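All of the numbers you see were taken from the coordinates with simple rules; none came from a lab. Since the model is a prediction, treat every value here as computed from it, not as a measurement. Note that we place each Cβ from the backbone using ideal geometry, even for glycine, and neighbour counts take in every protein chain shown.
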Amino acid sequence: MKYICLICAEKVMEQMAKADADAHYEEYRKFTDDIRRSGHYVVCNRLLPAAEAITVRVRQGNIATTDGPFAETKEQFGGYYVIDVRDFNEAIQIAARIPGAAHGCVEVRPIAEDEQTLDVLGLR
Amino acid sequence: MANFTDKPGQDLQAQLGALYRNEAGRRVLATLIRLLGDFDRAEEALHDAFKAALEQWPKEGMPANPRAWLISAGRFKAIDKLRRDSRFDTLDEINETNEALITQFEDEGDEYFEDDRLRLIFTCCHPSLPPDAQIALTLREICGLTTEEIARAFLISPTSVAQRIVRAKAKIRAARIPYEVPEPQQLPERLDSVLKVVYLVFNEGYLATSGPELIRHDLSVEALRLGRLLLELLPGEPEIMGLLALMLLQDSRRDARISAHGDLILLEEQDRALWDKEKIGEGTKLVNAALTLPSVGVYTLQAVIAANHAMAASSEATDWLEIIRLYDLLLRIFPSPVIELNRAAAIAMRDGPQAGLELIDRLLGQGQLRDYHYLYAAKADFHRRLGETHEAIAAYRQAQRLVRQETERRFLERRLTELKK
């Protein structure tokens, strides 16, 4: 079963001191290599800071955009991993090893795999 | 199955009815959940199995192994039902379910059955479920309480209890929360979550955070039963011993805590002859056993404090020095403003109310516990002892504004009336 691990933190790489960011990148290299080898890895990406974001809504057919992310929280999404694991407990154990979990937090969410979703998204 | 007796005939129906909801029934349910891979399907199967027993046992006699009989009957009823429903479901789903159903249980040992009860506990108390849902699910599935009983105990509507349970089961299914005992390296953290649920259930019964009745007997009894069950399943776990001891020692004061008029009586004013010696004895024995083990946790330390109170002949004869030392230790491994408040009360007993007041003001200065009625009640008590009537009245009023529980509100009212004389 697939889960997405959404990494949230107050500081993303761009906001860290160079040496700290470099060390953090290396932690990610090691973690990502590990889960590739163990076969749990599906896909991952790092996001640019929330300041680079725009939020789009369509209301009555009009596009409305707002500067920044949709949630005004101190923590922002910094990246994500999609993993393929046995169950929720295994997902939690892998999420706990994501380097960002030690600084911010990681939200673990099951990915929908029902017939309709797979069909609509052309994933079958 | 120890709970079955050989008495045949008309008693059987009553016996089976009781068993359905008590421990024996819960054991069968725990195994059926594993075999059928689903809470609702297992509950239905359990129901069907008991119904079949009611029909067959009076005619054919009690089977040699009632538990195996019930599990087997429940499993076959579930398979039948799946077959009947199969034309409505997709083929894949059925195959997956059948795979789970094929699991052989006849040659599994007792140990595996015992593990089913642990699997059930750890699944109901999974940290990914909201605390309210963990409690409702635990009381429903492990203790066998009905939705209505849980609703009454927590003073909420049966509908909201049912919703919590339905949502929790849906999450277990959708997020694929496994039915398993955690790996040894995960055990301390996961056990912590279980112990928290048990202690919340106990406190809800013992302290009753809101509503007209101060002590809601049933929930404390259920919590003690859960504590004993955990210790039976995971013997030698120091924090289970600590929690069970803590609950026993607190519960030993149950009869002394409330007056004949239903009013709250504080520890220092309680008639210690009313304390339950048997529970104190059992609690103290457990604490001592827990203390011989290598790691000492928060429940054990709190139980040691409770044991110190239990052994003192009076409030004056209490070893406050030792109790303060224990609070210091507790704060070091588990920093918490509530424990600091308790420590302040102990300091006030040793060094006088002024010392207690200073600690409380420090807590308030740090922005801690500003909505906690016990803090204002303690503050008021210290002012009262110092003869500072004006400040005492103000603090009692503040506590009254925050208190939710009727008996405690009346206690504060009584103090206020005394002060205004």
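Here are a few things to note about the model shown:
- Within the straight-line cut-off of under 21 Å between alpha carbons, the lysines reachable from B:LYS379 are B:LYS420, B:LYS421, sequence neighbours fewer than 8 places apart in one chain being disregarded.
- In order through the stretch A:48-63: 3J(HN,Hα) via Karplus (6.51 cos²θ - 1.76 cosθ + 1.60), integer Hz, x for Gly, Pro: 6, x, 4, 4, 8, 8, 9, 10, 10, 10, 10, 10, 6, x, 9, 7
- Under a 5 Å amide H cut-off, with hydrogens placed 1.01 Å from N, A:GLY79 pairs with A:ILE7, A:LEU47 among residues at least 5 apart or on other chains.
- Relative contact order for the stretch B:319-421: 19 percent, from Cα pairs under 8 Å spaced at least 6 residues apart, divided by residue count.
- Within the same chain, lysines fewer than 8 places from B:LYS277 are excluded, and of the rest, those with a Cα less than 16 Å from its Cα are B:LYS285.
- Between A:VAL58 and A:GLU10, the contour length at 0.36 nm per residue exceeds the alpha carbon distance by 14.4 nm.
- Cα-based radius of gyration of the stretch B:199-309 once divided by 2.2 N^0.38 Å, which approximates compact folds: 1.06
- For the stretch B:257-344, GluC sites (Glu not before Pro) are listed when DSSP marks them as loop and at most 10 other Cβ atoms sit within 10 Å of their Cβ; the list is B:GLU316.
- Evaluated on the stretch B:319-421, the Kirkwood hydrodynamic radius is 14.0 Å, with distances taken between all distinct Cα atoms.
- Label point distance in nm, A:ALA101-A:VAL42, each placed 7 Å from Cα along Cα→Cβ: 1.7 nm
- Taking the centroid of alpha carbons for each part, the stretch B:304-374 and the stretch A:106-124 are 53 Å apart.
- Normalised by the number of residues in chain B, the mean separation of alpha-carbon contacts (under 8 Å, six or more apart) gives a relative contact order of 10 percent.
- Per-residue 3J(HN,Hα) values for the stretch A:68-78, derived from phi via the Karplus relation 6.51 cos²θ - 1.76 cosθ + 1.60 with θ = phi - 60°, read x, x, 6, 9, 8, 10, 5, 8, 10, 5, x Hz in sequence order (x marks Gly and Pro).
- Angle in degrees between helix B:320-333 and the longest Cα principal axis of chain B, rounded to the nearest 10: 50 degrees
- Fluctuation leader among B:THR123, B:THR389, B:THR300 - chain B, Gaussian network, Cα springs under 10 angstrom: B:THR389
- Those lysines that a straight Cα-Cα span of less than 26 Å connects to B:LYS59, excepting residues fewer than 8 apart in one chain: B:LYS7, B:LYS51, B:LYS77, B:LYS81
- Mean partner shielding of peptide A:84-91, defined as the number of other chain Cβ atoms within 10 Å of each residue Cβ, is 4.
- Per-residue HN-Hα couplings for the stretch B:300-307 [Karplus 6.51, -1.76, 1.60; θ = phi - 60°; Hz; x = Gly/Pro]: 4, 4, 5, 5, 5, 4, 4, 5
- The mean sequence distance of close C-alpha pairs (under 8 Å, at least 6 residues apart), as a share of the length of chain A, puts its relative contact order at 45 percent.
- Nearest 10 degrees, 0 to 90: helix B:406-420 Cα axis against chain B principal axis: 10 degrees
- Distance (nanometres) between label positions extended 7 Å along Cα→Cβ at A:ASP84 and B:LEU155: 5.3 nm
- Among A:GLY39, A:GLY61, A:GLY100, the largest mean-square fluctuation in a Gaussian network model of chain A, built with springs joining Cα atoms closer than 10 Å, belongs to A:GLY61.
- Equivalent ellipsoid, the stretch A:2-120 (semi-axes from 5 times Cα gyration tensor eigenvalues, Å): 26, 23, 11
- Value of [θ]222 nm, deg cm²/dmol, for chain B, DSSP H segments ≥ 4, -39500 (n - 2.57) each, nearest 500: -22500 deg cm²/dmol
- FRET efficiency, B:ARG410 to B:LEU233 (Cβ-Cβ, R0 51 Å, nearest 0.05): 0.80
- Fully extending the segment from B:ARG167 to B:ASP11, taken as 0.36 nm per residue of separation minus the present Cα-Cα distance, adds 52.4 nm.
- Temperature 10 °C, viscosity 1.306 mPa s: under these conditions the Stokes-Einstein estimate for chain B, based on its Kirkwood radius over C-alpha pairs, is 66 µm² per second.
- Angle in degrees between helix B:110-124 and the longest Cα principal axis of chain B, rounded to the nearest 10: 60 degrees
- With a Förster radius of 25 Å applied to the beta-carbon distance between B:ASN288 and B:ASP255, the computed FRET efficiency rounds to 0.55.
- Neighbour-count ranking [beta-carbon atoms within 10 angstrom, fewest first] of A:ARG59, B:ARG272: A:ARG59, B:ARG272
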